[in-house]
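Take a look at the structure set out below.
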Amino acid sequence: MTALSTLVILAALLAVPLAWLGRERGIDLVALVCAAVLAWISPLSAAWVVGLGVGLPLAMRLAERNGGRAPLAGVTALVVLGVFAAAQLSPGIVWIGGAFFTLRQLHVIAEWWMGRIAAPSVASHLRYQLFLPALFVGPVHHLPAFERQCQRRRWDLPDFLNGAERVLIGAFSAEFIGNVMIANLRARVGHAMADSNAFLRDWAISAMDWIMLFFNFAGMTAIALGIALMMGVRLEENFNRPWLAKDLLDFWSRWHMSLTNWCRDYIYRPVMALTRSTLAGLVAAMLAIGLWHEISFYYVLWSFWQTLGVVLSRTIMPNLASPLPPGLRRMLAPLAILAWLALARPVIGLLL
Amino acid sequence: MTPLAQYIARLVPGWAVGPVLALCYAVMLITVLIASSNDLAQIIYIDVRGQ
């Protein structure tokens, strides 16, 4: 585990007792610890999250009284996106959790602009943006659900134990299964294929990377959700057995669900409504997911590759797979999905 | 009962659930402590950019 991840996880675990010093006050203390940790490891991130955490609700209240909801939403969304891009494109900047708090900031702005939520109070907004367990690994939880959880939470020993167990299983998954077992297997595959065709070797290693990524990311997410549950807060799930998906679209709706749902709500649906084209919505959503990972030409091509995969999996693949018995189709589907996902790297490598 | 305890309860007699659960926790904890000396692969989803 990186020293920083360990530090944030330990800080979140140490903050668990503080969370029980009051229903909302407890989560305020967790936010305070989060701000302190963030200020220590990345003062810039802390200044940005706290600054916007305070400024945004105040500006929203002002706009609610005096008008100007749309201009404020538009300008702040552009600024948030600009800061995200600037931080991504400046490798020297230590920017912790930006990929997640940017989406949370945009979620608040979009929901407020559409009139689905009123301007949150400064305290509520800071509690939401600075929820330590979800700081650097997500999920991208929703403000209204989080507020409800904070208001209704109460001490429950079974929940606490379930959370603690989830933390342990998550750490085991990320540290041992992902980082030791799969990493060793990956090294063996690389060694065994040392003399093979470079394209095939890259494809096989890329497949191993996807499996390792799953155990690492799902494990770290389990730690985040587990610590949150120990604090009495049930966050949105991020995975729903992605390797049981029946096709690529199904996979993306089961993998990193909070990101996919975010893109569905704020990219796919608006673009589809504007253009009346499912394909345009899909391309835009996949492009957002790709650029969220990294602003680079590689990820632009990666987005198109994923879009192509989704289109093929809903058009040509059902016809190709129809002669196979349903049971065999279900068994082969995860392999086909993994093969397609892993194929992105060697194919894009050829193009670049 | 936690999810792991429920799972173990399906496999072993009732009296053995506690000890087996404790053993599982101990093994996982020790494994995590030993394995955590390795650096976790730097993945995009663990957002500690610039580190």
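Listed values, structure above:
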{"quantity": "Gain on full stretching of the segment that runs from A:Leu312 to A:Leu274 - 0.36 nm per residue minus C-alpha separation", "calculated": "11.3 nm"}
{"quantity": "Helix-only mean residue ellipticity at 222 nm for the protein assembly as shown, each DSSP H run of n ≥ 4 adding -39500 (n - 2.57), per residue, nearest 500", "calculated": "-23500 deg cm²/dmol"}
{"quantity": "Relative contact order [Cα under 8 Å, 6+ residues apart], the range A:239-352, whole percent", "calculated": "27 percent"}
{"quantity": "Förster radius 25 Å - calculated FRET efficiency between A:Trp155 and A:Ala118, Cβ distance, rounded to 0.05", "calculated": "0.25"}
{"quantity": "At least 27 Å along the helix axis (C-alpha) and Kyte average at least 0.0, DSSP helices within chain A", "calculated": "A:23-41, A:43-66, A:69-89, A:198-230, A:326-351"}
{"quantity": "Efficiency of FRET between A:Val180 and A:Leu10 - r from beta-carbon atoms, R0 25 angstrom, step 0.05", "calculated": "0.75"}
{"quantity": "Anisotropy class of the range A:18-160 from Cα gyration tensor, a/c 1.5 cut", "calculated": "oblate"}
{"quantity": "Sequence-separation-based contact order of the range A:219-284, relative, with Cα cut under 8 Å and 6+ spacing, percent", "calculated": "19 percent"}
{"quantity": "Prolate/oblate/rounded label for the protein assembly as shown (Cα gyration tensor, a/c 1.5)", "calculated": "oblate"}
{"quantity": "Chain A - percent relative contact order, Cα under 8 Å, separation 6 or more", "calculated": "17 percent"}
{"quantity": "Shielding by partners - mean other protein chain Cβ count within 10 Å, residues of B:2-11", "calculated": "2"}
{"quantity": "Electrostatic dipole magnitude of the protein assembly as shown [Cβ: Lys, Arg +1; Asp, Glu -1; Cα centre; debye, to 20]", "calculated": "820 debye"}
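No value in this document is a laboratory result; all are computed from the given coordinates. In this text, all values refer to a predicted model and were calculated from it rather than measured experimentally. FYI the Cβ positions are ideal-geometry reconstructions off the backbone, even for glycines, and counts take in every protein chain you see.
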